[in-house]
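Worksheet: the structure to be examined is printed underneath.
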Amino acid sequence: MSNLRDVAKKADVSLATVARVLSNDESFKVTPETKEKIFSAAKDLNYIYKSKKTKKKPWRVGFILALTAEKYSDPYFTSILSAAEAEAEKLDIQPIIARNYNELLKPEILKEFLDFELDGVIIMERLPADMMQQLQSKIPHIIGIDPIQSNLNIITFDAYRATTIALEHLIQKGNRRIAYIGGAGINEVFDDTLRMAAYRETLRRNDLTFDEAIVRNCDWDLNTCGKQTDEILALENRPDAIFAGSDTLGSVILGRIFASGLRCPDDISVIGFNNIPTSEHTTPPLSTIEVPTKTIGKLAIKRLHELLTNTDTEIYTISLPVTLIERESTGGKSK
C-alpha cells in the first residue's frame, strides 16, 4: 500500500509539498506543473490522501443579565447562568462574556461586547429598541429569558399564573388583606407588570379590596424593601400576609417582622418567589413559588444550539410550569 512518502519520491518533490498540495492548501504557492506531477503520481500509486481534521472552534456566546441590587450574585439569575454554562460545555459552546444592562448603557462597554463577534447571546432583561437593533445587527442568534418579545425565541415561565398561585395559596389559608412588595424590569412600569395585573385580578375575583397603601415598588432594592416593610407593619390596619416579589425580598421581610416583635405566620404570613436554596433555611422556612431556573438555563442553550446548527430556525416561546412550595411562613393558621 502506497503512502505519502512514495508519492513524494515518484513526483520528485518534498514530503511537505505533497501534503500541502493534496490537502488543497490555498495559501501554498506551487507551479501548475508541480501540482500535475503530484496528482499524477498519487493516481498512479492509487494513493488517497486523508486530511487531518482540524478541531472546529467552539461557538462563542455572551450573556446579558438583568440588573438587580445584587448585580452578579442574584441567586435567581446565577442559577440560570450556571445551568446554561454547564449545558454549553456539553455542546461545544463557549461562554465568552457576561454584562448587565446598566453596563451596556456605556458606549465603550457595548462596543466591547459587540466586538467579541459572538455567535449568539442570551438576554435576561427586556432591552430598549436601539440596543436590541445594535445586538441584532452584529449577533446572528438571540435567545430571551423572561422578556417576551415577538421577534425572539423565548424561554420563560408564566409570571401571571405564578402570582395567581401564590395569592390563592394565601387566600386559602384565610388571609384577606394581602400586601405586595416587588419591582419591575428595566424599561417596565411597575403598575403594568404581569404580577401587578395578576395581583389585582386575583383580589377582585375573591372579592378582596385593592389597597395601594400596602402595594410597594422597592425596585428590587433590599434596603428599600426593609423600610417599606417597616411602614406596612406600622399601619393601624396592617395586612395579614405579604407577597414578596422574590425570595431575597422575602428574607428581608421576615427579618423586619421579627425585629418588630411580630411572629410569622401567627401574626402575618409571607410567601416569596423563586425558591432559592436559602429559602428553606430562613426563620421560619419561607413558602415560595419554585421557578425551574436550571431547566430555563439548560433549554436556552439547547435552543441556541439548534439555531447555530440550523436544525430549527423557527421563532417560538417555551413557557415552563411553576410549583407552589409550602413551608412554615404560611403555615395553617385560621383567621
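The values are calculated or read from the model by the stated rules, or taken from the named source; none is laboratory data. The structure presented is a predicted model; accordingly, all values stated were derived computationally and were not measured. All Cβ positions, glycine included, derive from the backbone under ideal geometry; neighbour counts span all protein chains shown.
In this structure, ALA159 qualifies as free of Cβ contacts under 8 Å to residues at least 40 places away in the same chain and within 18 Å of the chain's Cα centre (by Cα).
Can you name the residue in the stretch 70-114 that is touching a residue at least 24 places away in the same chain (Cβ under 8 Å) and of a type in the set (Val, Ile, Thr) and, of all such residues, is nearest to GLU290 (Cα to Cα)? Only one residue fits best here, namely ILE80.
Of the residues contained in the stretch 186-195, one or more are found to be of a type outside the set (Ser, Thr, Tyr), more than 23 Å from the chain's Cα centre (by Cα) and under 29 Å from SER329 (Cβ atoms). Applying the criterion of at least 1 residues that are in contact with a helix residue (DSSP H, G or I) (Cβ under 8 Å, 6 or more places away or on another chain), modelled with pLDDT of 85 or more and of a type in the set (Gly, Ala, Ser) to the helices (runs of 4 or more DSSP H) found wholly in the stretch 1-82 leaves 4-11, 32-44.
Each residue in the stretch 284-316 was checked for being hydroxyl-bearing (Ser, Thr, Tyr), surrounded by fewer than 20 Cβ atoms within 10 Å (Cβ to Cβ) and touching a residue at least 24 places away in the same chain (Cβ under 8 Å), and 2 pass. Can you say whether GLU236 is outside the structural domain of ARG200 (by TED's automatic domain parsing) and without any contact (Cβ under 8 Å) to a residue 12 or more places away in the chain, as far as the supplied structure shows? No: the conditions fail for GLU236. Helices (runs of 4 or more DSSP H) fully within the stretch 190-272 that include at least 3 residues being in contact with an Asp or Glu (Cβ under 8 Å, 6 or more places away or on another chain) and on the phi < 0 side of the Ramachandran plot: 247-259. A residue that is out of contact with any Phe, Trp or Tyr (no Cβ under 7 Å at 6 or more places or on another chain), within 25 Å of GLY261 (Cα to Cα) and surrounded by fewer than 17 Cβ atoms within 10 Å (Cβ to Cβ) occurs somewhere in the stretch 192-211.
The residue of the stretch 322-335 that is farthest from the chain's Cα centre (by Cα), among those that are surrounded by fewer than 12 Cβ atoms within 10 Å (Cβ to Cβ) and not hydroxyl-bearing (Ser, Thr, Tyr), is LYS335.
So which residues in the stretch 209-229 are without any contact (Cβ under 8 Å) to a residue 24 or more places away in the chain and aliphatic (A, V, I, L, M), if there are any at all? Correct list: ALA213 only.
Answer with yes or no whether LEU118 is of a type in the set (A, V, I, L, M) and farther than 23 Å from LEU299 by Cβ.
So LEU118 does not fit the description; no.
Pairing residues of the stretch 174-193 that are touching a residue at least 60 places away in the same chain (Cβ under 8 Å) with residues that are among the aliphatic types (A, V, I, L, M) and in a loop (DSSP other than H, G, I, E, B), at Cβ distances under 7 Å and at least 6 apart in sequence or on separate chains, gives ARG176/LEU208; GLY185/ALA66; ILE186/LEU67.
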